[in-house]
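Undergrad: The following block contains the structure, expressed as structure tokens.
The values are calculated or read from the model by the stated rules, or taken from the named source; none is laboratory data. As the structure is a prediction and not an experimental result, all values here were calculated from the model. Cβ coordinates were reconstructed from backbone atoms using ideal geometry, including for glycine residues, and neighbour counts include every protein chain displayed.
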Amino acid sequence: MAKPLNTAEIGVALIGAGMIAPTHIAALSALRPRLGLRAIVSQRPERAMHYASQYAGPAPLFTADLAQVTDDPTIKMAIVATPPSVRIDLITALAQSGTHILLEKPVARTLDEAQQVVDICNRAGVTLGVLFQHRMRAPSLAAARLIADGNLGKLGHVEIAAPLWRDQSYYDELGRGTYARDGGGVLLTQAIHTIDLALSLTGPAAGPVTTVRAMTATSPLHQMEAEDFAVAGLTFANGAVGSLVASTASFPQRPETITLHFEHASLRVGTSDLNLMWRDGRPCADAQITGTATDTGPTIAKHEWHQAVIDDFATALRNNRPPLVSGQTALAAHQLITAIETSSRTGQPVTLSPPQG
């Protein structure tokens, strides 16, 4: 049974103190006093104590003992930012204690493991959310509104591109790019954000992906176990076709883009811009949205996007509604990635079925 939300402030624990921790701490600082960071759990808490000065509220507890979170009735939710390889036991303990869980992507290393995570939380009656913060970018939100209006017509063609770069030093960190630690390469670790966003935008217009034909590979530019390159052809439920290209071997890195070609217009969604191009030539200024954030390397994303997801999750808990991206919703991206990997391995097209409900 979930811990009751009977206080004005929701106590939060951060599980994991890696490179994304400062983003979460900045986001939680901005969300005070509705949310309060009570604890940071790390295998080596003494190495994480410098984060205390980055938090705007009272210094949190630093501990390696998860029981100090699960046994604390004031901690209502936990942000889990650990590698996927150590998730199941953590999530089981948190869920059984009634602590709601917001996960950094991916949910798990495999689709079966991700389904297990969802089932654990469902059985315990706790809310599971996933941090797909790209959905909170201004261009993403504007694109969703334009698609929902229904004026663009039928969706016929989709282009998904994640041309990224990671230096070999990135993969030299112990376990990075391995199936045991990360569950995969560019698809599961980097491109999953763009995949999730694309599926959220195409779903209302074209339905789910139904067929995948794909190839993945490790380029000569990296020494790593998993893939640093993937290309896939996609077919959607309404007959639309699409392509996905993802890489961490694209130097110099370019912004990720999703281009949706509709019956009446084309819509290109970038990291910090949105462009709408009507086929009849009408002005497009109504959809010109420009921001200042760009992805120029493996840097920490702006905390405002994380902040928006965390805020939505906390509001969902208070209002007893699903969060922006539930664990069940996140399975769609995992299912597509699994289909791409399977098609590449077998050399055959893969037909997708809806994730278990």
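Undergrad: crowded, with 20+ Cβ neighbours inside 10 Å, at pLDDT 95 or above, among the β-branched types (Val, Ile, Thr) and under 20 Å from the mean Cα position of the chain (by Cα), is that true of Val325?
TA: Values: crowded, with 20+ Cβ neighbours inside 10 Å: yes; at pLDDT 95 or above: yes; among the β-branched types (Val, Ile, Thr): yes; under 20 Å from the mean Cα position of the chain (by Cα): yes.
In short, yes.
Undergrad: Right, something else. Suppose we filter Pro45, Pro73, Pro60 for residues that are more than 22 Å from Met19 (Cβ to Cβ) and touching a strand residue (DSSP E or B) at 6+ places or on another chain (Cβ under 9 Å); which single one remains? Before you say what the answer is, go through the steps one by one.
TA: Details: Pro45 fails: more than 22 Å from Met19 (Cβ to Cβ); Pro60 fails: more than 22 Å from Met19 (Cβ to Cβ).
Just one listed residue meets the conditions, Pro73.
Undergrad: Also, quick follow-up: Kindly evaluate Gly156 against the criterion of being surrounded by fewer than 21 Cβ atoms within 10 Å (Cβ to Cβ), assigned to a loop (DSSP other than H, G, I, E, B) and more than 20 Å from the chain's Cα centre (by Cα). Spell out how you get there, then give the answer.
TA: Numbers: surrounded by fewer than 21 Cβ atoms within 10 Å (Cβ to Cβ): yes; assigned to a loop (DSSP other than H, G, I, E, B): no; more than 20 Å from the chain's Cα centre (by Cα): yes.
Here the answer is no, as Gly156 does not meet what is asked.
Undergrad: I've got another one for you. Name the residue that is farthest from Phe251 (Cα to Cα), counting only residues in the stretch 218-234 that are touching a residue at least 40 places away in the same chain (Cβ under 8 Å) and in a strand (DSSP E or B).
TA: Applying the filter and picking the extreme gives Leu234.
Undergrad: Sticking with this structure for a sec: Could you check the stretch 96-110 and list, in sequence order, the residues that are outside any loop (DSSP other than H, G, I, E, B) and either under 15 Å from Phe313 (Cβ atoms) or charged (D, E, K, R) (or both)? Give the derivation first.
TA: As a first pass, look at the stretch 96-110 and keep what is outside any loop (DSSP other than H, G, I, E, B): 96, 100-104.
Within the stretch 96-110, His100, Ile101, Leu102, Leu103, Glu104 qualify.
Undergrad: Counting only residues that are touching a strand residue (DSSP E or B) at 6+ places or on another chain (Cβ under 7 Å) and surrounded by fewer than 18 Cβ atoms within 10 Å (Cβ to Cβ), which one in the stretch 328-357 is nearest to Leu14 (Cα to Cα)?
TA: Of the residues in the stretch 328-357, the ones touching a strand residue (DSSP E or B) at 6+ places or on another chain (Cβ under 7 Å) are 330, 336, 339-344, 349-352.
The next check asks that each one be surrounded by fewer than 18 Cβ atoms within 10 Å (Cβ to Cβ); those that pass are 342, 349, 351.
Values: Thr342: 34, Pro349: 41, Thr351: 38 Å.
Within the stretch 328-357, the match that is nearest to Leu14 (Cα to Cα) is Thr342.
Undergrad: Could you name every one of the strands (runs of 3 or more DSSP E) located completely within the stretch 1-94 that has at least 3 residues being in contact (Cβ under 8 Å) with a residue 40 or more places away in the chain? Reasoning before the result, please.
TA: On the way: elements: 10-15, 35-41, 61-63, 75-80.
Fully inside the stretch 1-94 and qualifying: 10-15, 75-80.
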